[in-house]
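Let me begin by presenting the structure, written as structure tokens, before commenting on it.
Computed from the coordinates by the stated procedures, all read-outs in this text should not be read as laboratory data. Owing to the predicted nature of the structure, the values given are computational and were not obtained by experimental measurement. Note that we place each Cβ from the backbone using ideal geometry, even for glycine, and neighbour counts take in every protein chain shown.
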Amino acid sequence: MHELSIAISMIDQILEEAERRGGLQVEVVHLRLGVSSGVYKDALLFAYEVSCEGTPLAGSRLEIETVPLRIHCPTCGQSRPAVSLYALHCATCGTASHEVVSGREIEVASLEVAA
Amino acid sequence: MSTRIIEVRAKVMKQNDLLARALRERFESAGVCVISLVSSPGSGKTAFLEKLLHRLAREFHVAALVGDLATENDAERLRRATPHVRQITTGTVCHLDAQMVETALEGWDLAALDILFIENVGNLVCPSSYDLGEGLRCVLLSATEGEDKPLKYPTIFNSSDVAILTKMDMAEAAEFDLEAARRNIESVRPGMRIFEVSSKTGLGMEEVLCFLRELRAHASPSAMAEHIQS
């Protein structure tokens, strides 16, 4: 259940960012979450809601965009989607590769703030 | 109410990643080879590490940090092999992070060490998100746990460099399907080197020791990465 500590550090980061930009009121947080980040979406949503209470982010919404797994395929010579998290093979040609290009992100992409 | 969008692109793990990077640089400049161990609880991390430390302490200056939610039991066990052991008790936290490692290292002369082990809290989920600055991450899987663990917890296998199959002396009794285990590991982490060991009987330990000696000899990280793949 490390989603709680991740939610707390995320909230600290967002509040800092909002403060730095002159005290923005954040309504929606857009997060990019890789399928191979080791973070469970539902647990993070729950942890976010609970941890926001009593902070200026109370009542804000967390929207999570899932980032699929991409690997560098040595045969195709470029980044390709992996078959799945359970089969790190190029979805195009089937070559196995452990070089993960994306899918491990835990990244605050943008904030929707009161205009 | 109308809203506007502000691009941020901020990595949530940035603080841990920066600390881990600083640790990695410190380890490299001190010339210490840092190896972390991850696995589920009870898969034999401490027994494996105890055996390794006993053997390696004859040739190298070895040290270990060992993470658990509570108790000093593991550190006491490992101190039979080397005095340089520190327990990290995390309280309710289910993983180690770079800050905990940095704090635990306080006062240690890293340049005087050859190999440092970091035994993570027994957990196949949370540790995968935290870089500790280690040069090599070993994931352990015991024969009694079943061969499908890599498919159930792909992220921790995927983020590791080497797999160690432990308790192989019990494989037959547990009807452990070794070929399926190897296939599953290969599927979630293609090309990963796999060792089969028994800390109890000593089976396969010599191969691991050889690997670690060679790893220690390859000081630079790029040479290390090449060595892991070979």
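If each residue of separation counts as 0.36 nm, what is the full-extension length gain between residue A:43 and residue A:1 once their alpha-carbon separation is subtracted? Don't skip to the answer; put the middle values down first.
Details: separation 42, 0.36 × 42 = 15.12 nm, distance 0.77 nm.
Additional length available on full extension: 14.4 nm.
Restricting attention to the stretch B:128-212, which trypsin sites (Lys or Arg not before Pro) occupy a DSSP loop and are surrounded by at most 16 other Cβ atoms within 10 Å?
B:200
Grab the other residues whose beta carbon is less than 11 angstrom from that of residue B:181, score K and R as +1, D and E as -1, and report the net. Show your work: numbers first, answer last.
On the way: positive: B:149, B:182, B:183; negative: B:145, B:147, B:148, B:177, B:179, B:186, B:196.
Counting the neighbours of residue B:181, the net charge comes to -4.
Quick one: helix A:3-20 against the long Cα principal axis of chain A, what's the angle to the nearest 10°, folded into 0 to 90?
60
On the Cα set of chain B, report Rg and Dmax in Å, please.
18.0, 70
So which GluC sites (Glu not before Pro) in the stretch B:169-208 pass both tests, a DSSP loop state and at most 16 other Cβ atoms within 10 Å of the Cβ? Mind dumping the intermediate values first?
Numbers: sites: B:172, B:175, B:179, B:186, B:196, B:206, B:207; in loops: B:172, B:175.
Listed in order of number, the matching sites are B:172, B:175.
Restricting things to alpha carbons, find the Rg to Rh ratio for the stretch A:1-110 using the Kirkwood radius for Rh.
On the way: Rg = 16.9 Å, Rh = 15.3 Å.
That ratio is 1.11, to two decimals.
At a threshold of 8 angstrom on Cα-Cα distance, excluding pairs fewer than six apart, so keeping six or more, what relative contact order does chain A reach in percent?
Values: 215 pairs, mean separation 38.4, N = 115.
Reported as a whole number, the value is 33 percent.
Could you tell me the relative contact order of the stretch B:34-165? Use alpha-carbon pairs under 8 Å, at least six residues apart, and round to a whole percent. Working shown, then result.
Details: 243 pairs, mean separation 46.4, N = 132.
Over the stretch B:34-165, the number comes to 35 percent.
Only sites in a loop by DSSP and with at most 15 other Cβ atoms within 10 Å count here; which GluC sites (Glu not before Pro) in the stretch A:31-86 make the cut?
Here the sparse-neighbourhood loop sites are A:53.
List the pairs from B:14/B:167; B:11/B:167; A:41/B:167; A:41/B:149; A:41/B:45; B:11/B:51 whose alpha-carbon separation is above 31 Å, in the order I gave them. Let's see the in-between values first.
Working: B:14/B:167 37 Å; B:11/B:167 39 Å; A:41/B:167 34 Å; A:41/B:149 21 Å; A:41/B:45 29 Å; B:11/B:51 39 Å.
The answer is B:14/B:167; B:11/B:167; A:41/B:167; B:11/B:51.
Report the paramagnetic label zone for residue B:9: residues of the stretch A:6-41 whose backbone N is under 16 Å from a point 7 Å from Cα along the Cα-to-Cβ axis.
Hits in the stretch A:6-41 for residue B:9 at 16 Å: A:30-33.
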